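Shown next, in structure tokens, is the structure this report addresses.
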Amino acid sequence: MTKYLISFPSFAMEVSPDELPAVSDASHAVVQEAKDAGVWVFGGGIDESVPPVMVAADGTVTPGTYPQTSRLDGGYAVLDLPSAEAAHAWAAKLAAACRCAQEVRAFGYDPDS
């Protein structure tokens, strides 16, 4: 099995305030389906009210982040799945629930984890 990251940036989900409860219910239903199927590992959204910080090897903490990730936001799910095709199928369910396309990436295999 491979763990897959299924995600979307905040700007991609364009729903009106009136639609938000239905989107929330639909996404929670997909999450519950993934839990019931035993493939759910972790998921959630980045809290955009908490600014990112960089932590160096010596423990020094500095405000900010890598320039290329300054817009890291949105929603994420990690699922443990048998194939890329299965990841695409779950991403389609999440895309329908969240009303926006989802990006799929595979985590590298680590035999020690």
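Every number here is computed from the coordinates shown, using simple stated rules; none is lab data. Because the structure is a prediction, the values reported are computed rather than measured. Quick reminder, even Gly has a Cβ in these numbers, built from the backbone with ideal geometry, and neighbours come from all protein chains shown.
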Wholly within region 20-113, strands (runs of 3 or more DSSP E) carrying at least 1 residues that are in contact with an Asp or Glu (Cβ under 8 Å, 6 or more places away or on another chain):
40-45
Can you name the residue in region 1-56 that is under 24 Å from THR69 (Cβ atoms) and among the hydroxyl-bearing types (Ser, Thr, Tyr) and is also farthest from the chain's Cα centre (by Cα) among such residues?
SER49
Kindly provide the set of residues from region 77-86 that are surrounded by 15 or more Cβ atoms within 10 Å (Cβ to Cβ) and either in contact with a helix residue (DSSP H, G or I) (Cβ under 7 Å, 6 or more places away or on another chain) or more than 11 Å from ALA34 (Cα to Cα) (or both), ordered by number.
ALA77, LEU79, LEU81, ALA86
For ALA56, indicate whether it is surrounded by 10 or more Cβ atoms within 10 Å (Cβ to Cβ) and at negative phi.
no
List every residue pair whose Cβ atoms lie under 8 Å apart, where the two residues are 6 or more positions apart in sequence or sit on different chains, the first residue falls within region 86-113 and is within 14 Å of VAL30 (Cβ to Cβ), and the second residue, located anywhere, is assigned to a loop (DSSP other than H, G, I, E, B) and acidic (Asp, Glu).
ARG99/GLU14; ARG99/GLU19; CYS100/GLU14
